[in-house]
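The values are calculated or read from the model by the stated rules, or taken from the named source; none is laboratory data. Every value quoted in this text rests on a predicted model; they were computed, and no experiment measured them. Glycine gets a Cβ as well: all are built from the backbone with ideal geometry, and neighbour counts include every protein chain shown. Protein only, heavy atoms only, side chains kept; ligands, DNA and RNA dropped before computing areas. Shrake-Rupley method; radii C 1.70, N 1.55, O 1.52, S 1.80 Å.
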Amino acid sequence: MAVDEPIDIEQLSISPLDEVDAREMREFLLGAQKNFWGDRDLSRDHDAYWFRQFVTSGLVARYRSEIVGYLLGVIPHDGPAYIHLVAARSDFRHQGIGRHLYQHFIDRARELGVASVEATTKPESSGAISFHSSLGFSGELIEDYAGVGDPRVFFELKLAEE
């Protein structure tokens, strides 16, 4: 697909990871990491437990049956939902795939009665900060969030009044 060619959104499907293909999906995504993350090595962010423990909350975006995006997150019954990682394949960026994945996840969290959805990013990730803000998340810089000297912007989207 040409990078600037718009997709037919009607042919985009979002589906949950399931136990049958979760391990295969992890192996596929690790093998295709360059297509989603370029030169960044995010293998450690794709730990097997995200694909085993949280398989019912993770999402896959397919365009005409090709995997073009994914979201790893969890929706616990007794706490805030958390989005760990979201990616769109490099040749499908800026097509709304991340937004669709987030919206599907948020809608599911709302259906399950979760009060809020949380996510984090690095302070230098201006695109991620803009993206979360555009979806209505409030953000706060927290020093040492990921360890000493490792700050994060913590995002929260309230779904229900407390």
query = Suppose every K and R has +1 on its Cβ and every D and E has -1 on its Cβ; what is the size of the dipole of the stretch 35-136 about the Cα centre, in Debye to the nearest 20?
reply = 240
query = Using a 1.4 Å probe, what is the accessible area per residue for the chain, in Å²?
reply = 57
Reduced Cα scattering model of the stretch 1-81, Debye log10 I(q)/I(0), q = 0.12 Å⁻¹ = -0.39
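Based on the Cα coordinates of the stretch 121-161, what is the per residue volume of their convex hull in Å³? Write down the numbers at each step before the final one.
Values: hull volume 2.5 nm³, N = 41.
Considering the Cα atoms of the stretch 121-161, their hull volume per residue is 60 Å³.
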query = Mean shadow of the stretch 1-159, computed from the convex hull of its alpha carbons, in nm²?
reply = 9.7
Amide H contacts under 5 Å for Gly69, placed H, 5+ residues apart = Ala61, Arg89
Estimated vicinal HN-Hα couplings, Hz - the stretch 104-118 in sequence order (Karplus 6.51, -1.76, 1.60; Gly, Pro = x) = 4, 5, 4, 4, 5, 4, 4, 4, 7, x, 6, 7, 7, 10, 10
request  = Enter the Cα centre distance for the pair the stretch 114-160 and the stretch 12-83, rounded to the nearest angstrom.
outcome  = 20
remark   = Carbon plus sulfur, as percent of the 1.4 Å-probe accessible area of the chain, comes to 48
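Can you tell me how much longer the chain between Asp45 and Leu141 gets when fully stretched, taken as 0.36 nm per residue apart minus their C-alpha distance, in nm with one decimal? Kindly include the intermediate steps, with their values, before the conclusion.
On the way: separation 96, 0.36 × 96 = 34.56 nm, distance 2.09 nm.
Extra length available between Asp45 and Leu141 comes to 32.5 nm.
So what is the calculated 222 nm ellipticity per residue for the chain, using -39500 (n - 2.57) for each DSSP H run with n of 4 or more, over all residues, to the nearest 500 deg cm²/dmol?
Values: 5 runs with 44 residues, N = 162.
-7500 deg cm²/dmol, from helical runs alone.
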task = Kindly write out, for the stretch 90-97 in residue order, the coupling ³J(HN,Hα) from the Karplus curve 6.51 cos²θ - 1.76 cosθ + 1.60 (θ = phi - 60°), rounded to whole Hz, with x marking Gly and Pro.
result = 4, 7, 10, 6, 6, 10, x, 5
ask   = What FRET efficiency would be calculated for the residue pair Ala32, Arg64, taking the C-beta separation as r and a Förster radius of 25 Å, to the nearest 0.05?
value = 0.90
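Length gain on complete extension for the stretch Val148 to Ser134, per 0.36 nm per residue less the alpha carbon to alpha carbon distance? The partial results should precede the final answer.
Numbers: separation 14, 0.36 × 14 = 5.04 nm, distance 2.94 nm.
Full-extension gain reported as 2.1 nm.
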query = Can you list the HN-Hα couplings for the stretch 36-50, worked out from phi with the Karplus curve (6.51, -1.76, 1.60; θ = phi - 60°), rounded to whole Hz and with x for Gly and Pro?
reply = 9, 10, x, 7, 6, 9, 10, 3, 5, 7, 10, 3, 4, 5, 5
inquiry  = Given a 1.4 Å probe and heavy atoms of the protein chains only, how would you sort Val55, Val86, largest accessible area at the top?
reply    = Val86, Val55
note = Amide H contacts under 5 Å for His84, restricted to residues at least 5 apart in sequence or on another chain and with H modeled in the peptide plane, are Leu72, Gly73, Val74
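List the relative contact order of the stretch 103-162 as a percent without decimals, with contacts defined as Cα pairs under 8 Å and 6+ residues apart.
Details: 82 pairs, mean separation 23.8, N = 60.
Computed value for the stretch 103-162: 40 percent relative contact order.
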